[in-house]
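Trainee: Sharing a structure here in structure tokens format.
What follows draws every value from the coordinates through simple rules; no lab data is involved. Here the structure is a predicted model, which means the values were calculated and not measured. Methodologically, a virtual Cβ is constructed for each residue, glycine included, from the backbone with ideal geometry; neighbour enumeration extends over all protein chains shown.
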Amino acid sequence: MRRWVNAAAVGLLLVAPAAAAGVIDRAEATRPTAERTWLVWGGETSFRFNPDELQRLDLGVERVDGASARTVGVPGIRYEAVTFPALTASELEIRHEGRVISGIGGGSLRHEGGFVLGHGAEHFDLRGFSIRASAGSRLGLDIVDGNGVTWLTADHAHYGFEDEASSVFSMRHMNLRLSAHFAHALGHPEWEGRPVGLLAFRAHAFAGDAAEPAVPCNAPWPDPPSAPAGIELIDSTSSGFSDDVYVLRCQGCTTGSTNGRLVVAQDSSLRNAGNTGIAWYGKFDGIFPPYGNDQHPYLIWNLYRVDADGALKQIGVSGVKHAFYAVNFNCGCDGGHVLYPTCADTYSSGSNDSSSDIGPRSEILPHTGQWGRCGSVYDANCDGVQDAGGGAHDLYEFRMNVIESDLQPPLSTGASYYLEYWYVARDDDAIYNSMGYRQVTFQKNGANWMIDQVPSTTLQPGPVVNTWVTPGASANAANAEMSSPLGRARVAVRITDLGNGQWRYRYVVMNFDYSHAEIDPAHPSEPNLHVTANHGFKTFRVPVPASVPVGSLGFRDADLDAGNDWTATRADGFVTWTAPAGQNTLDWGTLYGFELVAGAGPADGDVELVGVATSTEPELVYATALRVPQGGGNEYIFSNGFD
């Protein structure tokens, strides 16, 4: 017998669990003991179409019937959002163990309303659509028409019960993709799986019999160095579709364009490989243990090109995606705001494209994993309340923008491309397993760009710089870490014998999480920390004896603006590259390249990085053992006192 739930009482609102009073040293949840089936019905289903992708596919929302809410999309500005009530006379089965979801069962959520998509003279009618489980997928969904034909699919869900009574169940932030049938109907079977937006539904739930007694999930909070956090990047297929990389839109792209701006993003999955719980509270959720704030991890991503001659250049830099919820799959723990040991989580590319969750890197202190919420793009007046319209103001701001010419001949000829991404988590000191990359290829068809993973390549662990040069040293290459109390960087070099006594030295500096921040003395601590400035390195020096001839001094940053390039000089036994005053410093999550040709072969020596000074602290100089032109040396080792 169905137990009906009063819709007005449920309210279909997300309810965040309250922090347990006095809990400061341990995170707890419940682990189930037996699988059951619950029923969900009614509620509402929301589509968020990427207007740029619809435009690229020559698709349009021609008609909407029976919607409870709609926001018309504008390419480059905002998504098309439309919500439909679901019929209470339809049911979808949810398999679960306690409150932990194990899969989607039979049945469907049906809707009277729906929409019609147009493609030239063709019309695709999804009025009266239903949502049901995807065949062969534990947590994937199909969106079918009145005849049962699948037109769209959805995956990479955040899912779970939204209240303690388990009376509201939702699946949200899902990639919405073209089905094989839809791709064939459009005349492009290769478009199968193309994401066109996001899907979410929220429904009333029925528990049936009382659940069996639960076993608690618990873990201590991080207590470095003996018990640090431990995030590991993974490649997930848990929802029926592998993690992938996508071009989401392009501003100014035409058939013959070279200066359009592509937005590139990826699905991202991770697991807790440590022994402690990791706080995963959405920004402005409240004040919670263990840090007395709304602590959560952050995601960034970068794009690199390795040219035919072996030079490495960063060509894309994202903003920061603020994480907000942990699914806790594959471990038996309930989803919520703690990621428990062995548990995993996932975010769709559409979620990583959310204007309300992405901001600038400059607000984050990466080495400590702290966010300067006060004065941020979300809380400009520092009142602890999220500003209306806070975050990105269009679909390009804070995204990773890539200029077309970086992907086209002559630069692309013989080149390879790598998409790198990683999570920044507080108290996670082993950062390299939180990073990974995928080799990708770009193709342009008319005005449209496509991106594919190289077929033989899966997610590779670690940063791209460690593939360019394996850590360690050899006669003609080296890769060494610079570690300090303010963060870490790696300096790598490839050395080529050009003949006739000439040697090319190509250095790259990858700043992972080094930052020298300026903190507002009126707001020096969390939860109202105010970061007023946040910069990395401003100088890179290579020792070269005065007797060694030097030429072909080069510099590569992450943009195409020659006006902000670092300048190279030679004096006092060094070749020195210096950032323009007050701009284009080598900040965290970014790689710059430096090049010279010297009339001497390599030997052991020390290169130097100089950090940006603050109003209260001087410049900090760091020496790193590497390979330099023979005869070089450096008596200024850790002149800031670090050892």
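Trainee: By a straight-distance test (C-alpha under 20 Å), which lysines pair with K538 as possible cross-link partners, with residues fewer than eight away in the same chain excluded?
Mentor: Once the sequence-local lysines are set aside, what remains near K538 is K313.
Trainee: State the Cα centre-to-centre distance between the range 490-516 and the range 437-489 in whole Å.
Mentor: First find each Cα centre; the distance between them is then 15 Å.
Trainee: Counting Lys +1, Arg +1, Asp -1, Glu -1, what net charge surrounds A568 among other residues with beta carbon under 15 Å of its beta carbon? Show your work: numbers first, answer last.
Mentor: Details: positive: R504, R506, K538, R541, R556, R570; negative: D557, D565, D572, E595, E608.
Its environment carries a net charge of +1.
Trainee: What aspartates and glutamates does K444 reach when the alpha-carbon gap must be under 15 Å and sequence neighbours fewer than 8 apart in one chain are set aside?
Mentor: E53, E190, E404, D406, D452
Trainee: At 7 Å along Cα-to-Cβ for each site, give me the label-to-label distance between L498 and R26 in nm.
Mentor: Those two pseudo-labels are separated by 6.5 nm.
Trainee: Something else: So how strong a dipole does the range 37-105 carry about its Cα centre when Lys and Arg Cβ are +1 and Asp and Glu Cβ are -1, to the nearest 20 debye?
Mentor: Details: 7 positive and 10 negative charges, 38 e Å.
Magnitude of the dipole: close to 180 debye.
Trainee: For T567, T441, what ranking results if the residue with the fewest other Cβ atoms within 10 Å of its Cβ goes first? If you can, show how the numbers build up before the last one.
Mentor: Working: T567 11, T441 15.
Ranking T567, T441 by Cβ neighbours within 10 Å, fewest first, gives T567, T441.
Trainee: Any chance you could run the full-extension gain for T255 through A34? It's 0.36 nm times the residue separation minus the Cα-Cα distance, nm to one decimal.
Mentor: Working: separation 221, 0.36 × 221 = 79.56 nm, distance 5.71 nm.
Computed gain between T255 and A34 is 73.9 nm.
Trainee: Something else: Be a star and scan the range 544-583 for residues whose amide nitrogen sits under 17 Å from the point 7 Å along the Cα-to-Cβ vector of A603.
Mentor: Taking a point 7 Å out along Cα→Cβ of A603, the residues of the range 544-583 whose backbone N falls under 17 Å are 544-550, 573-575.
Trainee: If I stretch the segment between T441 and L411 completely, what's the gain in nm (0.36 nm per residue apart, minus their alpha carbon distance), one decimal? Could you put the intermediate results ahead of the total?
Mentor: Values: separation 30, 0.36 × 30 = 10.80 nm, distance 1.35 nm.
So the chain would gain 9.5 nm between T441 and L411.
Trainee: Could you list which residues have their amide H under 5 Å from that of L198, counting only those 5 or more apart in sequence or on another chain, with H placed in the peptide plane?
Mentor: R48, F49, N50, L176
Trainee: Could I ask something else about it? Under the rule of -39500 (n - 2.57) per DSSP H run of 4 or more residues, summed and divided by the residues of the chain, what mean residue ellipticity at 222 nm is obtained, to the nearest 500 deg cm²/dmol?
Mentor: Numbers: 4 runs with 20 residues, N = 643.
It lands at -500 deg cm²/dmol.
Trainee: Mind checking the log10 I(q)/I(0) for the range 25-206 at q = 0.20 Å⁻¹? Debye, one equal scatterer per Cα, no solvent, two decimals.
Mentor: So the normalised log intensities are -1.39.
Trainee: In nm, what is the difference between 0.36 nm times the number of residues separating E164 and N275 and their Cα-Cα distance?
Mentor: Numbers: separation 111, 0.36 × 111 = 39.96 nm, distance 2.64 nm.
Full extension from E164 to N275 adds 37.3 nm.
Trainee: Summing +1 for each Lys or Arg and -1 for each Asp or Glu, what net charge is found among the other residues whose Cβ lies under 9 Å from the Cβ of L626? Don't skip to the answer; put the middle values down first.
Mentor: Values: positive: R627; negative: D604, D606.
Spelling it out: positives minus negatives among the neighbours equals -1.
Trainee: Between the range 63-86 and the range 321-369, how many Å separate their Cα centres?
Mentor: For the range 63-86 versus the range 321-369, the Cα centre distance is 26 Å.
Trainee: When the Karplus curve 6.51 cos²θ - 1.76 cosθ + 1.60 is applied with θ = phi - 60°, which whole-Hz ³J(HN,Hα) does each residue of the range 181-192 get, with x for Gly and Pro?
Mentor: My calculation for the range 181-192 gives 4, 5, 4, 5, 5, 7, x, 9, x, 5, 7, 4 Hz in order.
Trainee: Please give me the summed charge of the neighbours of N584: other residues whose Cβ is under 11 Å from its Cβ, Lys and Arg +1, Asp and Glu -1. Present the calculation step by step, with values, prior to reporting the outcome.
Mentor: Details: positive: K538; negative: D557, D559, D561, D565, D587.
With Lys, Arg at +1 and Asp, Glu at -1, the net is -4.
Trainee: Take F284 and D235, extend 7 Å from each Cα along the Cα→Cβ direction, and tell me the distance between the two endpoints in nm.
Mentor: Inter-label distance under the simple model: 3.8 nm.
Trainee: Also: Among A27, A183, A492, which residue has its Cα positioned farthest towards the positive end of the charge dipole of the chain, with +1 placed on the Cβ of Lys and Arg, -1 on the Cβ of Asp and Glu, and the dipole taken about the Cα centre?
Mentor: A183
Trainee: Separate question: Using Cα-Cα distances under 8 Å and only pairs 6 or more residues apart, what relative contact order does the chain have, in percent?
Mentor: With pairs under 8 Å counted, the relative contact order is 11 percent.
Trainee: Please report the orientation-averaged projected area of the chain, defined via the convex hull of its C-alpha atoms, in nm².
Mentor: Details: hull surface 119.8 nm².
Answer in nm², one decimal: 30.0.
Trainee: Using Cα positions and a limit of under 27 Å, work out the lysines in reach of K283, with same-chain residues fewer than 8 apart set aside.
Mentor: Hits, sequence-local ones excluded: K321.
Trainee: For S68 paired with E481, estimate the spin-label separation in nm (one decimal), with each label point 7 Å from Cα along the Cα-to-Cβ line.
Mentor: Taking the simple label geometry, S68 and E481 are separated by 5.1 nm.
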